[in-house]
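Comments concern the structure below.
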Amino acid sequence: MNKSITPKTLKSLSRNISIKFITDLFFSSGLNLLSGVINYFFNIVVVQNLSRESFGVFSTMINLVYLIQIPASTISMVITKKVAYNLQYNLSSFKIKYVRFFYILAVALSILIIFLSPVLVMIYFLKGLNVSNIWILSLVLFASIISPVTKGFLQGLQKLKLVNILFFSETILKFLLGIVLVKVSDSPDLAIVAYGIPMIITSILFLPTVKFDKNKQEPIGLNLNLNDFLYTFISLFLINSFFTLDVVYVNENIKSSYSALTLIAKIIFFGSTTFASVLFANLSKRANRNKKLQLLFFSVALNLVLGFGLCLMFIFFKEEMVRLMFKGLYDEVSKYVIVFSFVVSLYSSVYLLVQFLIARKDMYHFFILGAIFLLHFLLFTFNNVTLDNAVFNQSITYAVLFIFMFGAFIIRELCFFKHKEPRE
């Protein structure tokens with residue numbers, strides 16, 4: 001029977017967290033920090049080379065790219081969990097089967113998006129886009145479906161350093177390609193192409209590194225669980241929507257300024273997503289509930305320390321950072337940098353918590369995320385005129401999300417239920 005959390009359990013945190021987990025976490029953090037710096041330079045180049053109108057369209061498209069990548073995360077996480085639970089088998093046939101399946105699916109969905117593009121541009125929140133923008137997004141959809149297949153297999157095999165090298169390679173390719181393309185034209189389409197092509201290249205190049213021991217027995221009838229896929233997809237859609245749909249919702253008159261503000265705070269979130277990949281791969285291999293909780297607490301604590309540390313840096317250098325990034329184009333956002341970075345730190349911690357709940361197959365977070373999803377939409381529907389309004393809406397959303405998600409989690413763990421671990 002599982003034991004509840006006790007002070008003794010928390011005191012044993014440093015003894016029970018594996019050296020491998022900490023090594024993977026800090027290796028991932030180091031590469032992610034470097035990737036974040038490179039992404040910043042890319043975003044600076046985009047902001048400085050695109051007009052306000054083009055940057056507003058680019059911001060809408062890039063946030064739709066992040067939203068498109070939700071099924072990508074779902075594919076990766078479901079494959080990671082299936083592989084991690086079945087490492088005693090030779091999964092070569094399983095790999096071939098699902099690589100073929102997802103590549104065919106990627107082609108079919110991309111063609112469907114192209115076919116529907118005249119209809120999609122008529123949707124209210126997409127009214128700033130044209131048909132060519134949708135075609136470019138279909139390319140990113142293709143890349144977003146095939147890329148996580150390779151990443152999911154590598155994470156399931158615990159080749160986390162190789163996964164992070166893959167991510168870093170994508171970042172380098174995106175940076176180099178992006179600089180060339182935005183220098184060539186003011187079109188936001190070319191900047192978005194830089195997000196899709198590197199994912200296609202790296203996923204194909206790294207796929208041969210997914211190898212299994214052919215001396216082991218092959219499993220009989222091993223398939224991905226559709227219910228598990230849908231559960232993960234809905235969870236990730238809800239938690240990612242708070243970080244992407246704000247730029248889609250925001251008033252067209254302030255979209256470019258608000259988008260510039262979000263760029264400054266995004267480095268905090270991208271750090272937490274790296275923690276999440278390491279955290280989820282380790283959670284998938286652990287059966288002990290208390291050890292899973294310890295990994296979660298360690299990851300959240302480290303995430304908050306790094307996030308709040310960046311907030312302190314912004315206190316002293318916010319004007320200089322805004323001026324350096326935007327060359328005086330968006331000086332109006334500097335007064336919001338600190339508060340926005342702070343609430344993004346809270347959101348990134350909730351993101352880690354949701355990864356934990358997905359690994360444990362809890363259900364109660366659906367109700368909380370669903371209610372706050374509605375709150376988020378209503379805030380931007382009725383309070384969406386000035387930049388003050390947009391920052392207020394997003395800050396309230398992140399703060400409410402943090403309070404209710406962690407409040408419900410702590411109450412559930414400490415006071416009410418004894419959770420039974422799901423079995424595969």
### Task
Please give the peptides 379-392, 140-153, 177-190 ranked by average Cβ packing (other Cβ atoms within 10 Å per residue), highest first, as a rough proxy for protection.
140-153, 177-190, 379-392
#### Entry: Summed residue charge, Cβ within 15 Å of I396's Cβ, Lys/Arg positive, Asp/Glu negative
-2
### Query
For R360 and L374 in the same chain, what is the full-extension length gain: residue separation times 0.36 nm, less their Cα-Cα distance, in nm?
2.5 nm
### Query
Mind listing the phi-derived Karplus ³J(HN,Hα) values for region 62-70, rounded to whole Hz, using 6.51, -1.76 and 1.60 with θ = phi - 60°, and x for any glycine or proline?
5, 6, 5, 4, 4, 5, 4, 6, 4
### Query
Would you list M313, M77, M61 from fewest to most Cβ contacts within 10 Å?
M313, M61, M77
## Note on the structure
If the chain between A301 and F115 were fully extended at 0.36 nm per residue, the gain over the current Cα-Cα distance would be 62.3 nm
## Note on the structure
region 7-416, convex hull of Cα, quarter of hull surface, nm² -> 19.9 nm²
#### Entry: Charge tally in the Cβ shell below 12 Å around Y347, where Lys, Arg are +1 and Asp, Glu are -1, Y347 excluded
0
### Query
What is region 7-416's relative contact order, in percent, from Cα pairs under 8 angstrom and six or more apart in sequence?
23 percent
### Query
Where does the charge balance sit around S144 when Lys and Arg score +1, Asp and Glu -1, over other residues with C-beta under 14 Å from its C-beta?
+1
### Task
For K335, list the aspartates and glutamates whose Cα falls under 16 Å from its own Cα; do not include residues on the same chain fewer than 8 positions away.
E319, E320, D388
#### Entry: Compactness of region 308-406, expressed as Rg and Dmax over alpha-carbon positions, Å
15.9, 47
### Task
Calculate the length of the line joining the C-alpha centroid of region 179-233 to that of region 349-374, in whole Å.
25 Å
### Query
How far, in nm, would the chain grow between E53 and F392 when pulled straight, counting 0.36 nm per residue and subtracting the alpha carbon separation?
119.7 nm
### Query
Ranked highest first by average number of other Cβ atoms within 10 Å, how do 357-370, 216-229 line up?
357-370, 216-229
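Read-outs: derived from the displayed coordinates by stated rules, not from any lab. The model shown is predicted, which means the values in this text are computed figures rather than measured ones. All Cβ positions, even for glycine, are placed from backbone atoms using ideal geometry, and neighbour counts span all protein chains on display.
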